[in-house]
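Heads up, the thing below is written out as structure tokens.
The values are calculated or read from the model by the stated rules, or taken from the named source; none is laboratory data. Since this is a predicted model, take the numbers as computed values, not measurements. Here the Cβ positions follow ideal geometry from the backbone for every residue, glycine too, while neighbour counts run over all protein chains shown. Just so you know, the surface numbers come from the protein's heavy atoms only, side chains and all, with ligands and any DNA or RNA stripped out. Shrake-Rupley method; radii C 1.70, N 1.55, O 1.52, S 1.80 Å.
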Amino acid sequence: MLDKSLIGRESEPVVHDVEKGAIRRFVEALGDPNPIYVEEQAARVAGYPALVAPPTFPALLTVNDRFRHSLDLGTRSLLHGEQQIEFGRPILAGDRITVKTRVADVQERAGASGPMDILVLEDEGRDAQGALVFRTREVLVLRRG
Amino acid sequence: MALLARQLYFEAVKAGDELPPLVKPPVDRTQIARYAGATGDYNPLYVDEHLAKNAGFPSAHAPGMLAMGFIGELVVDWLRGARLRRYTARFVKIVWPGDVITCRGRVVDRRFEGGGVYAIDIEVWAENQRGELVLKGLVTAQLYYSAEDDARQRAGQSPLVVTPEEEAARLAKLSRAQPPKRHEAHPPPPPKPPPAVKPAPPAKVAPLAKAVVPAPPAPAAALPAPAVHRPAPVAAARQLPVPPPQPVPAAVHAPARPAASSHGDARTPAPSARDRTPSRASGVGRSAPVRAAPRQPGPKAARPASPKRTAAKTRSAPRFVPKTKPAARASRPRPGSKPTGKKRR
């Protein structure tokens with residue numbers, strides 16, 4: 001059973017510089033050929049001031065292994081159950097985004113293979129001006145091993 | 001190089017509009033590794049086969065976010081520059097190496113939010129080659145009302161404010177101007193041939209699939225059961241344009257996850273759907289045929305097919321060919337994918 005006292009725990013802010021190469025590698029991994037992610041001109045024609053990142057790009061910005069380790073989840077397998085992303089504005093190459101993660105909830109749920117722990121994390125990304133870029137919420141399922 | 005940026009405007013969207021399905025190439029382990037590397041999320045269940053097996057899984061699997069990214073591609077393509085507000089997803093089933101993911105979407109809500117703000121909700125989902133739902137989600141996007149609204153806002157002016165009443169009045173005026181055609185204004189856009197869809201024979205199958213619009217996967221019935229194997233889609237594709245029930249549109253508009261038996265052909269319409277949206281293909285040099293061609297199922301799915309069974313299907317396939325070939329050729333804009341599949345077999 002995960003400790004309920006984890007709820008509310010917050011990570012240190014992590015600063016990410018959104019690099020063109022990171023966007024490129026991300027869309028290549030997805031196999032998404034949309035040129036607005038890799039060609040400056042295509043991005044401008046589509047109305048963006050710079051290369052833009054795809055909608056699920058926060059997946060990359062919200063990975064925070066250090067914070068996860070600090071939660072002491074042990075070695076149990078961790079399944080991704082749900083994901084929400086709210087967009088404040090598009091993420092652009094060259095952005096400097098500060099991301100904070102916090103534990104929003106801890107629950108216990110009965111699963112097919114015994115009780116499971118549910119860990120809900122929320123992340124918030126803000127740009128250099130402090131404006132909201134994205135907010136995400138992910139539901140992680142920890143199976144009892 | 002002149003890139004054409006086509007916008008999608010609120011005035012052109014209706015609740016019930018379907019996004020052309022996107023069929024992704026089979027998810028393989030390299031892609032999983034690349035995705036893990038690109039995001040930095042090295043969950044051992046994605047990258048460590050031994051650990052995954054020890055944890056009770058049949059093998060390592062793909063991150064759910066990968067399928068969410070696939071749907072992101074579908075939605076961004078379709079919205080063409082509209083602003084995403086929110087994207088939520090529930091990972092219903094695990095995506096395994098070798099799975100072929102088909103992404104689909106349908107507009108479920110269209111809102112005038114007042115003050116010149118217009119939003120739509122798109123229900124999105126992804127299914128694998130077995131017809132199982134792997135992801136279900138919702139995308140909310142904000143659109144310009146029209147090209148005029150777009151131009152005004154880009155020029156820094158206030159947005160164009162249109163109320164639902166004004167829109168209804170304008171549409172009514174239009175329908176009076178062109179009485180014969182616009183009368184049945186409720187079936188989606190005129191270019192689609194929806195009336196023929198409903199009476200199609202296998203419609204009784206559809207309710208099983210929780211389909212809102214009956215979406216009969218007609219060709220599947222005529223095919224050997226596990227339509228997953230390559231010959232099936234090919235045969236189905238050949239047969240598509242000819243028979244009167246018009247299975248092509250039916251399957252293209254197939255809204256919900258089709259029943260397990262129908263997924264094979266639900267995938268085949270992808271090419272035609274893609275071809276019908278030339279914006280991306282012509283505008284920015286995407287190769288629609290490559291992406292849309294019925295994918296061969298992953299190694300996993302292909303394995304059970306013994307040479308004997310494949311041969312049996314190969315023999316049965318030509319039966320469709322003679323009567324349908326010419327029409328199929330003529331109506332398929334890019335037949336390139338077909339011969340390739342044949343050769344590879």
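Would you please give the residues with an amide H less than 5 Å from that of residue B:86, counting only those at least 5 places away or on a separate chain, with H modeled from the backbone geometry?
Residues meeting the amide H criterion: A:87, B:140.
Check residue B:28: other-chain or 5+ apart residues with amide H under 5 Å from its amide H, H built from backbone geometry?
Hits under the 5 Å cutoff: B:98.
Over the whole of B:65-76, what's the average partner chain Cβ count within 10 Å per residue? Rounded to a whole number, please.
Mean number of neighbouring Cβ atoms from other chains: 6.
With an 8 Å Cα cut-off and a minimum separation of 6 or more residues, compute the relative contact order for the stretch B:31-144 in percent.
For the stretch B:31-144, the relative contact order is 24 percent.
Distances over 25 Å make up what percent of all Cα-Cα pairs in chain A?
Here the long-distance tail beyond 25 Å is 36 percent of all Cα pairs in chain A.
Please list B:10-18, B:147-155, B:164-172 highest first by mean number of surrounding beta-carbon atoms within 10 Å per residue.
Highest-to-lowest ranking by the protection proxy: B:10-18, B:147-155, B:164-172.
Between residue B:30 and residue B:168, what's the calculated FRET efficiency when r is the beta-carbon distance and R0 is 51 Å? Round to 0.05.
0.45
In degrees, nearest 10, range 0 to 90: what is the angle between the Cα axis of helix A:20-30 and the longest Cα principal axis of chain A?
Its long axis makes an angle of about 60 degrees.
Using a 7 Å offset from the Cα along the Cα-to-Cβ direction at both residue B:53 and residue A:131, what is the distance between the two label points in nm, to one decimal?
5.2 nm
Starting at the first residue of the stretch B:34-50, write each ³J(HN,Hα) from the Karplus equation 6.51 cos²θ - 1.76 cosθ + 1.60 with θ = phi - 60°, in whole Hz, x for Gly and Pro.
Coupling constants for the stretch B:34-50: 5, 5, 4, x, 5, 8, x, 9, 9, 4, x, 5, 8, 10, 10, 4, 5 Hz.
What does the buried accessible surface come to for A and B, summed over both chains, with the probe at 1.4 Å? Round to 100 Å².
Result for this pair: about 3300 Å² buried.
For an R0 of 45 angstrom, estimate the FRET efficiency from the Cβ-Cβ distance between residue B:177 and residue A:40 and round to the nearest 0.05.
Efficiency, rounded to the nearest 0.05: 0.55.
So which residues in the stretch A:9-32 end up with at least 50 square angstrom less accessible surface once the other protein chains are there, compared with the chain by itself, probe 1.4 angstrom?
Residues shielded by partner chains are A:29, A:30.
Need one value for A:35-41: mean number of C-beta atoms belonging to other chains within 10 Å of its residues' C-beta atoms.
3
Structure shown: which of B:53/B:136; B:24/B:53; A:100/B:53; A:20/B:24; A:100/B:24 lie over 29 Å apart, alpha-carbon to alpha-carbon?
Flagged as over cut-off: A:100/B:53; A:100/B:24.
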